[in-house]
1. Condition first: out of contact with any strand residue (DSSP E or B) (no Cβ under 6 Å at 6 or more places or on another chain) and in a helix (DSSP H, G or I). Now tell me which residues in region 21-37 satisfy that.
2. Which of the residues spanning region 77-94 are exposed (fewer than 14 other Cβ atoms within 10 Å of the Cβ), farther than 18 Å from residue 138 by Cα and touching a strand residue (DSSP E or B) at 6+ places or on another chain (Cβ under 8 Å)?
3. Among the strands (runs of 3 or more DSSP E) contained in region 47-158, which hold 1 or more residues that are closer than 20 Å to residue 36 by Cβ?
4. Of the residues 23, 48, which is modelled with pLDDT under 95 and touching a helix residue (DSSP H, G or I) at 6+ places or on another chain (Cβ under 9 Å)?
5. Which numbered condition in (1) at negative phi; (2) touching a residue at least 12 places away in the same chain (Cβ under 8 Å) is the only one that residue 88 fails?
6. Pairs only if they're at least six apart or on different chains, beta carbon under 6 angstrom, first in region 100-111 and in contact (Cβ under 8 Å) with a residue 60 or more places away in the chain, second surrounded by 11 or more Cβ atoms within 10 Å (Cβ to Cβ) and part of a strand (DSSP E or B); list them, first residue then second.
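The values are calculated or read from the model by the stated rules, or taken from the named source; none is laboratory data. Quantities reported herein were computed from a predicted structural model and do not represent experimental measurements. So basically every Cβ, Gly included, is an ideal-geometry build from the backbone, and we count neighbours across all protein chains shown.
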């Protein structure tokens, strides 16, 4: 099994952290991983994306040209990465921000998850990335949520461990969002 995913959005949306958590969780589960970040010079508001490969076997190249999946957090990222997803792949968009009517392709599984709205209901808009990641994990099973949460506990400074619970809840609500037929289109 080898899974290749692109995570893309604006800087400050947790794009790179989402990819790091996915890769780190893969390591914790004994898998081979590659994580390649790409971002503009701006700290927040600029473009950011990363590619992640999680595999049971050796990874030949860390480059992802035609991903199995994409987690899209903003409109420019949808326009850039939608054409690259392989047929029958998975496209998960933050429908709170992305114009879901802008999705052009019909040859893949498309999930519209209101990640920012769900995060807002939790009282922390910064966990929208975890909502999307929870949805992705539920759809694919690439790594376990427990491994992602263990990775988060390792990368968060100890004084931020109070955020672990809201991140866990965000991921669980993301998973629930793709289980309900009204929240997803496939």
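1. Filtering region 21-37 down to residues out of contact with any strand residue (DSSP E or B) (no Cβ under 6 Å at 6 or more places or on another chain) leaves 21, 24-25, 28-30.
Correct list: 21, 24, 25, 28.
2. The one that is exposed (fewer than 14 other Cβ atoms within 10 Å of the Cβ), farther than 18 Å from residue 138 by Cα and touching a strand residue (DSSP E or B) at 6+ places or on another chain (Cβ under 8 Å): 84.
3. Numbers: elements: 47-55, 69-72, 90-94, 109-113.
Correct list: 47-55, 69-72, 90-94.
4. Working: 23 fails: modelled with pLDDT under 95.
Just a single option satisfies the conditions, and that option is 48.
5. (1)
6. Sorted first by the residue in region 100-111, then by its partner, the pairs are 109/90; 110/91; 110/185; 111/92.
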